[in-house]
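What follows is calculated from the coordinates using simple rules that are stated; it is not laboratory data. If you're wondering where the values come from, they're calculated on a predicted model, not measured in any experiment. We place every Cβ from the backbone using ideal geometry, glycine too, and count neighbours over all the protein chains shown.
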Amino acid sequence: MKTVIKSSSIALMYALLTTVALATYFILMRVLGLAENTTLRVFNFAILFAGVFKSISSFKDFSGHDFTYFRGLIMGVKTGLFIALLFTVLILIYYMFDAPFVNRVLLEGHISGYNSIFALVGVLFIEVLGFTCLGSFMSMQYLKNAKHVLPKAVH
């Protein structure tokens, strides 16, 4: 039970940090006038990957010898689910302040063929969750080996 609670808190902590990083990046791009440049969205994956990797890595350090490939994947997906939920809520909040920008994204992106904020949120949710699942698999290819366990500090 302790492991389940600790894993959820690790996932939530890194999800919050990753969501803040994504929001900061989005606001920076918006301020610089680059938010409509879809090519720069590749950095979203880098931010998502870093958050998932650190989450799995921290969970591995916490779990020690109980860490398995499957548990690492679950941690990454759990973190991704939290990130997707938090980020889509932030987009809904942002929509209340800058609806014209979000509507322009909807029209130019032809998202689902519908001009609805909920279509955009749905697509973002699936995109973030998909990227974090991919990031989880990529992270586990590195972290699955026992040689990547960090030694515990001796007090």
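For region 2-148, the Kirkwood hydrodynamic radius from C-alpha pairs, put into Stokes-Einstein at 20 °C and a viscosity of 1.002 mPa s, yields a diffusion coefficient of 134 µm² per second.
Evaluating 6.51 cos²θ - 1.76 cosθ + 1.60 at θ = phi - 60° for every residue in region 77-89, the Karplus couplings come out as 5, 4, 4, x, 5, 4, 4, 4, 5, 5, 5, 5, 5 Hz, glycine and proline recorded as x. For region 2-148, a crude dipole built from +1 on the beta carbon of Lys and Arg and -1 on the beta carbon of Asp and Glu, taken about the Cα centre, is about 560 debye to the nearest 20.
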